[in-house]
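Structure, as structure tokens:
The values are calculated or read from the model by the stated rules, or taken from the named source; none is laboratory data. Remember, it's a predicted structure, so these values are computed and weren't measured experimentally. Positions of Cβ are generated from backbone atoms using ideal geometry, with glycine treated the same way; all protein chains shown enter the neighbour counts. All accessible areas refer to the heavy atoms of the entire protein, side chains included, with ligands and DNA or RNA removed. Shrake-Rupley method; radii C 1.70, N 1.55, O 1.52, S 1.80 Å.
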Amino acid sequence: MVKLETLSEEEILSLTIYGEARGEKIEGQVAVGCVIRNRLERGDRYQEICLKREQFSCWNTSDPNYSTLIELAEILNSGRNITNPAYQQCLWVARGIRENLIKDNTNGSKNYLTNDRFHNNRPSWAKNLRSNPLEIGNQTFFSV
């Protein structure tokens, strides 16, 4: 059984970006990282935000990305590096997010959905927006 708690903040953040946005252009990966950073409050850690129950679908056991993330986590736990170029890019984004070297491209958004879900099947929790929605790639970013 993989121990996610032994992974670093950067590793959990990069895996979350990978699971949520590896198919997006870098602007979309940055946007997902920014949402995670925007959710941080005093004393929070990236692990707490990323792994909080039902916050990022890639960590839901029923999500198709979950098994891929667990395999990658096992590689990281064994001390090996992940050489996959898509993961390496997500790791680069995670470092920039964590070190505040990347500017927020979401206007402070704390939530996002795929464009299709946002426009056609928005869940009840996403009905009352506190910010104007912003489309970046295949995702819509906003705050509720």
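Can you name every residue in the range 102-134 that is outside any loop (DSSP other than H, G, I, E, B) and surrounded by 13 or more Cβ atoms within 10 Å (Cβ to Cβ)?
Answer for the range 102-134, where residues must be outside any loop (DSSP other than H, G, I, E, B) and surrounded by 13 or more Cβ atoms within 10 Å (Cβ to Cβ): N111, Y112, L113, T114, N115, R117, F118, A126, L134.
Is it the case that the range 86-101 has a residue that's more than 15 Å from Y18 (Cβ to Cβ) and open to solvent by less than 30 Å² (accessible area, probe 1.4 Å)?
no
Kindly indicate the residue of the range 66-82 that is of a type in the set (D, E, K, R) and assigned to a helix (DSSP H, G or I) and also least open to solvent (accessible area, probe 1.4 Å) among those meeting that condition.
Per the criteria, the residue is E74.
Please pick out the residue among D44, D63 that is open to solvent by less than 50 Å² (accessible area, probe 1.4 Å) and of a type in the set (D, E).
Selected residue: D63, the only one of D44, D63 that is open to solvent by less than 50 Å² (accessible area, probe 1.4 Å) and of a type in the set (D, E).
Out of the range 1-31, which residues are farther than 14 Å from K52 by Cβ, open to solvent by 60 Å² or more (accessible area, probe 1.4 Å), out of contact with any strand residue (DSSP E or B) (no Cβ under 8 Å at 6 or more places or on another chain) and of a type outside the set (A, V, I, L, M, F, W, C)?
Passing the criteria: K3, T6, R22, G23, K25.
Taking Q88, is it touching a Lys or Arg at 6+ places or on another chain (Cβ under 8 Å) and of a type in the set (S, T, N, Q)?
No.
Checking V93 against (1) in contact (Cβ under 8 Å) with a residue 12 or more places away in the chain; (2) more than 25 Å from S124 (Cα to Cα); (3) over 12 Å from the mean Cα position of the chain (by Cα): exactly one of these is not met. Which one?
Unmet for V93, out of (1) in contact (Cβ under 8 Å) with a residue 12 or more places away in the chain; (2) more than 25 Å from S124 (Cα to Cα); (3) over 12 Å from the mean Cα position of the chain (by Cα): (3).
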